[in-house]
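Have a look at the structure below, then the notes.
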């Protein structure tokens, strides 16, 4: 169950990575980013933990909904909740990483999590899914190029 739990996070991170990069480019110029950078280590840790604590229960709630016959609602809760969690946590982590890594226990836990993600990404099913996603993107780009070439 723990591996499945982490696999959902890993896949979500992989799918949302382009959105996170786009948000990072835009948010670098916002006042809130400067404010977050000005926080001390403990304030940065608190800011990082808030979305984690608030949005982590999304997975069990979505499993409960799906298990009680509300598959669509459960899937929507999972997709929206995980998406929000990953987007917020990724951006906050990118901004506060140096301060968070000043906590020895945080750096240790981060290293362990990175090893788990590296293992998950090395799994055949994940590598195959990444190949499929690249092929789907290439096909979608090809279709869009055909559509642009066609006269109106």
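Quick one: would you say residue 80 is touching a helix residue (DSSP H, G or I) at 6+ places or on another chain (Cβ under 6 Å), in a helix (DSSP H, G or I) and at pLDDT below 95? No: the conditions fail for residue 80.
So which residues in the range 107-117 are at pLDDT 95 or above and touching a helix residue (DSSP H, G or I) at 6+ places or on another chain (Cβ under 9 Å)? Result: 107, single match. Of all the numbered requirements in (1) out of contact with any helix residue (DSSP H, G or I) (no Cβ under 6 Å at 6 or more places or on another chain); (2) in a helix (DSSP H, G or I), residue 66 misses one, and that requirement is (1). Selection over the range 94-152 of residues that are under 30 Å from residue 47 (Cβ atoms) and assigned to a helix (DSSP H, G or I) gives a count of 25. Going by the structure shown, is residue 43 part of a helix (DSSP H, G or I) and in contact with a helix residue (DSSP H, G or I) (Cβ under 7 Å, 6 or more places away or on another chain)? Here the answer is no, as residue 43 does not meet what is asked.
Does the range 107-127 include one or more residues that are within 13 Å of residue 48 (Cβ to Cβ) and surrounded by 11 or more Cβ atoms within 10 Å (Cβ to Cβ)? The answer is yes, given that some residue of the range 107-127 is within 13 Å of residue 48 (Cβ to Cβ) and surrounded by 11 or more Cβ atoms within 10 Å (Cβ to Cβ). Taking residue 83, is it closer than 22 Å to residue 17 by Cβ and surrounded by 13 or more Cβ atoms within 10 Å (Cβ to Cβ)? Against the criterion (closer than 22 Å to residue 17 by Cβ and surrounded by 13 or more Cβ atoms within 10 Å (Cβ to Cβ)), residue 83 qualifies. For the range 38-55, which positions are surrounded by fewer than 16 Cβ atoms within 10 Å (Cβ to Cβ) and under 23 Å from residue 13 (Cβ atoms)? Within the range 38-55, 46, 49, 50, 52, 53, 54 meet the criteria.
The values are calculated or read from the model by the stated rules, or taken from the named source; none is laboratory data. Just so you know, these numbers come straight off a predicted model, no measurement behind them. Glycine also receives a Cβ, built like all others from the backbone with ideal geometry; neighbour counts cover every protein chain displayed.
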